[in-house]
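Worksheet for the structure shown next.
The values are calculated or read from the model by the stated rules, or taken from the named source; none is laboratory data. Treat the numbers as computed from the prediction; the structure is a model and nothing was measured. With ideal geometry, Cβ positions are generated from the backbone for all residues, glycine too; neighbour counts draw on all protein chains shown. The protein model used for the area step is the full one, side chains on, heavy atoms only, and it has no ligands, DNA or RNA in it. Shrake-Rupley method; radii C 1.70, N 1.55, O 1.52, S 1.80 Å.
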Amino acid sequence: MAAVRGLRLIAVALRAVTLWPGGRLLAASRGPRALRELSSSSPEAGEGQIHLTDSCVQRLLEITEGSEFLRLEVEGGGCSGFQYKFSLDTVINPDDRVFEQGGARVVVDSDSLAFVKGAHVDFSQELIRSSFQVLNNPQAQQGCSCGSSFSVKL
């Protein structure tokens, strides 16, 4: 069963940066900065949860309009095997899990959730880039030096 699951995980494909119409850039990366301003998407921090930082919530409230939300996906690719993909979306599929905090929503499909459960979604604004990123992912064994890809614990 584990071998089949591993093959299924490798069969998915990834993009590190996504451009949204209107020039809004959503990028996947992890910088060397420490995790800050953590807050949970629910009072009880369960293993199957995604946690949103205050900066993530604030940025989503600034860039989303109407029914838009941030979609987080994990796809195969990158130098470590898997990478995160962020995009703005308006369609919630039957296998999606919705994590909401302060009016901001992050949606993760059930396949991707297996790779990011327990992680924190943050918005980082630095001199050279601004991006959404996944921090402290308990499902990741290691990542590449740029932080946009990771390998999973088997």
Exercise. Of all the residues that make up segment 64-74, how many are surrounded by fewer than 17 Cβ atoms within 10 Å (Cβ to Cβ) and out of contact with any strand residue (DSSP E or B) (no Cβ under 6 Å at 6 or more places or on another chain)?
Worked result: 3
Exercise. Do we have any residue at all in segment 64-75 that's among the β-branched types (Val, Ile, Thr), in a loop (DSSP other than H, G, I, E, B), on the phi < 0 side of the Ramachandran plot and modelled with pLDDT of 95 or more?
Worked result: yes
Exercise. Only one of these conditions is not met by residue 48: (1) of a type outside the set (S, T, N, Q); (2) more than 18 Å from residue 150 (Cβ to Cβ); (3) modelled with pLDDT of 90 or more; (4) in a loop (DSSP other than H, G, I, E, B). Which number is it?
Worked result: (3)
For this session: Considering each residue of segment 83-104, count those that are in a strand (DSSP E or B), of a type outside the set (S, T, N, Q) and in contact with a Leu (Cβ under 7 Å, 6 or more places away or on another chain), and give that number.
Result: 7
Problem set entry | Of the criteria (1) closer than 21 Å to residue 152 by Cβ; (2) in contact with a Lys or Arg (Cβ under 7 Å, 6 or more places away or on another chain); (3) open to solvent by 20 Å² or more (accessible area, probe 1.4 Å), which one residue 108 fails | (3)
For this session: Search segment 127-140 for residues being outside any strand (DSSP E or B) and open to solvent by 20 Å² or more (accessible area, probe 1.4 Å), and hand back the single one that is nearest to residue 87 (Cα to Cα).
Result: 129
Problem set entry | Pairs with Cβ under 6 Å, 6+ apart, first in segment 112-126 and open to solvent by 10 Å² or more (accessible area, probe 1.4 Å), second modelled with pLDDT of 95 or more and among the charged types (D, E, K, R) | 113/97; 123/59
Exercise. Given the conditions (1) open to solvent by 20 Å² or more (accessible area, probe 1.4 Å); (2) under 16 Å from residue 152 (Cβ atoms), and given that residue 95 satisfies all but one, which numbered condition is not satisfied?
Worked result: (2)
Seminar exercise, completed: residue 143 meets each of (1) surrounded by 14 or more Cβ atoms within 10 Å (Cβ to Cβ); (2) modelled with pLDDT of 90 or more with one exception, condition (2)
